[in-house]
Amino acid sequence: MSDFEAAYVLWVALSTLGVTQYTAVSSKLWGLVVLRRWPGVTRVCAAVIVIGAFAWFFIGEDRNLPDTGDGLDGVEQTQWFAAAAAISILLQIAVSSVVNHRWGASHGWDSAAERWPPSGLTWLEHTTFARALAARIRAVLGGSR
Amino acid sequence: MDSAIVLFLNAGVGNVAPFDSLMKVLVSDYFVPVTGSLALVSLWMTGTHETRPLNQVTTIVAAAAIGCANAITTIINNVVERPRPFVDNDLATGLFYSPTDPSFPSNTASVGFALATAVFLRHRRLGGVLYALAFCWGFARVYAGVHYPTDVLAGAAIGVVAALAMAALFRVLAFVPRYALRWLRLLYVA
């Protein structure tokens, strides 16, 4: 990985972190929010991270490098964006699931009442990703339970 | 006419340093694509239980529209092979590197307008912001002397048509994203 590719990946990963946390708060997906108890702080931090990442990437260094040389062509840019965004989102899922693990316990799915846990991102309004996925896996493995 | 507009706009390069700095960011290969992609990431998560699936279909349509616009532009690029403005004119080229691929039509405009149109069909405000970004991207390319205005206009037209075509296609094949989203919902990623 070249220095430019590393800078691009870091920029995208940080921006994705900010955008994802801001959107999670706005859409009330509390299971994805790392600072769940402080939505206002999360919004401010998310905005600062996004603006800071853009400023860091563009200010100070000339980023207009030839896409046939040290820069990235369309395909490379798509691949690096997908990788950086995926890593950023996976890290957020892991950290938010660990930080909010107690909260998820009291807002989880009642397996005795329903056979299948609720599906979709909307369920992350009530529990963490790890808890939701674990309930899903248990339901699938449990079969007819 | 095309060359006259490029010469007129490009004559401004070097006169107002802050404006040139702004143009240097806007003309970049990275600012608008990454901003647009982040908007799609946000759109994917935004909404309620009822509206989120529609936003996610919009995201899928936008991604397909970008791919379609890019493919059409690449095919036309190879057929028309118009040289870049800085090849035929004496222009200030300090804002951007000198691309070696053909000028007509503008790939940046086609991608920017495809994304903006696909989003605008469902979200007027976000789509409007993306249209503004696509316009600024196209303007910056002409200002920097790497595209003629007609390159940008043709690219924009390709982008709009590609987005409308993909939106119509996904209306006919609505079961495809619906089926994909149903599986993704089981994994809590949609």
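Is one or more of the residues making up segment A:15-22 aliphatic (A, V, I, L, M), closer than 30 Å to A:Asp70 by Cα, without any contact (Cβ under 8 Å) to a residue 40 or more places away in the chain and buried (at least 19 other Cβ atoms within 10 Å of the Cβ)?
The answer is yes, given that some residue of segment A:15-22 is aliphatic (A, V, I, L, M), closer than 30 Å to A:Asp70 by Cα, without any contact (Cβ under 8 Å) to a residue 40 or more places away in the chain and buried (at least 19 other Cβ atoms within 10 Å of the Cβ).
Tell me the residue from B:Leu38, B:Leu7, B:Leu43 that is assigned to a helix (DSSP H, G or I), hydrophobic (A, V, I, L, M, F, W, C) and over 19 Å from B:Arg124 (Cα atoms), please.
B:Leu7
Restricting the search to segment B:1-19, which residues are loosely packed, with under 10 Cβ neighbours inside 10 Å and among the charged types (D, E, K, R)? Selection gives nothing. Would you point out the residue of segment B:59-102, among those that are away from chain A (no Cβ under 13 Å) and buried (at least 24 other Cβ atoms within 10 Å of the Cβ), that is nearest to B:Ser42 (Cα to Cα)? Selected residue: B:Ala62. Candidates are the residues of segment A:76-90 that are buried (at least 17 other Cβ atoms within 10 Å of the Cβ), more than 8 Å from chain B (Cβ to nearest Cβ) and under 24 Å from B:Asp101 (Cβ atoms); the one that is nearest to the chain's Cα centre (by Cα) is A:Trp80. Can you say whether A:Val41 is more than 30 Å from B:Pro18 (Cβ to Cβ), at pLDDT 95 or above, more than 11 Å from chain B (Cβ to nearest Cβ) and exposed (fewer than 15 other Cβ atoms within 10 Å of the Cβ), as far as the supplied structure shows? Criteria met by A:Val41. Applying the criterion of being in a helix (DSSP H, G or I) and without any contact (Cβ under 8 Å) to a residue 40 or more places away in the chain to the residues of segment A:49-75, the residue that is nearest to the other protein chains (Cβ to nearest Cβ) is A:Phe58. If you go through segment B:78-108 and keep only what is of a type outside the set (Val, Ile, Thr) and farther than 21 Å from A:Leu65 by Cβ, you end up with B:Asn78, B:Glu81, B:Arg82, B:Pro83, B:Asp88, B:Asn89, B:Asp90, B:Phe104, B:Pro105.
Being facing another protein chain (nearest Cβ under 10 Å), crowded, with 19+ Cβ neighbours inside 10 Å and more than 14 Å from the chain's Cα centre (by Cα), is that true of even one residue in segment A:92-109? No: zero hits.
Please work out which residue is farthest from the chain's Cα centre (by Cα), limiting yourself to segment B:89-142 and to residues that are in a loop (DSSP other than H, G, I, E, B) and without any contact (Cβ under 8 Å) to a residue 12 or more places away in the chain. Top of the filtered list is B:Asp90. A residue that is closer than 21 Å to B:Thr46 by Cβ, hydroxyl-bearing (Ser, Thr, Tyr), part of a helix (DSSP H, G or I) and at pLDDT 80 or above occurs nowhere in segment A:100-119.
Applying the selection to segment A:23-37, what residues are more than 7 Å from chain B (Cβ to nearest Cβ), touching an Asp or Glu at 6+ places or on another chain (Cβ under 8 Å) and either surrounded by fewer than 24 Cβ atoms within 10 Å (Cβ to Cβ) or aliphatic (A, V, I, L, M) (or both)? Within segment A:23-37, A:Lys28, A:Trp30 meet the criteria.
The values are calculated or read from the model by the stated rules, or taken from the named source; none is laboratory data. Nothing here was measured: the structure is a model prediction, and the numbers come from that model. Ideal geometry is used to build each Cβ from the backbone, glycine not excepted, and the neighbour counts take in all protein chains shown.
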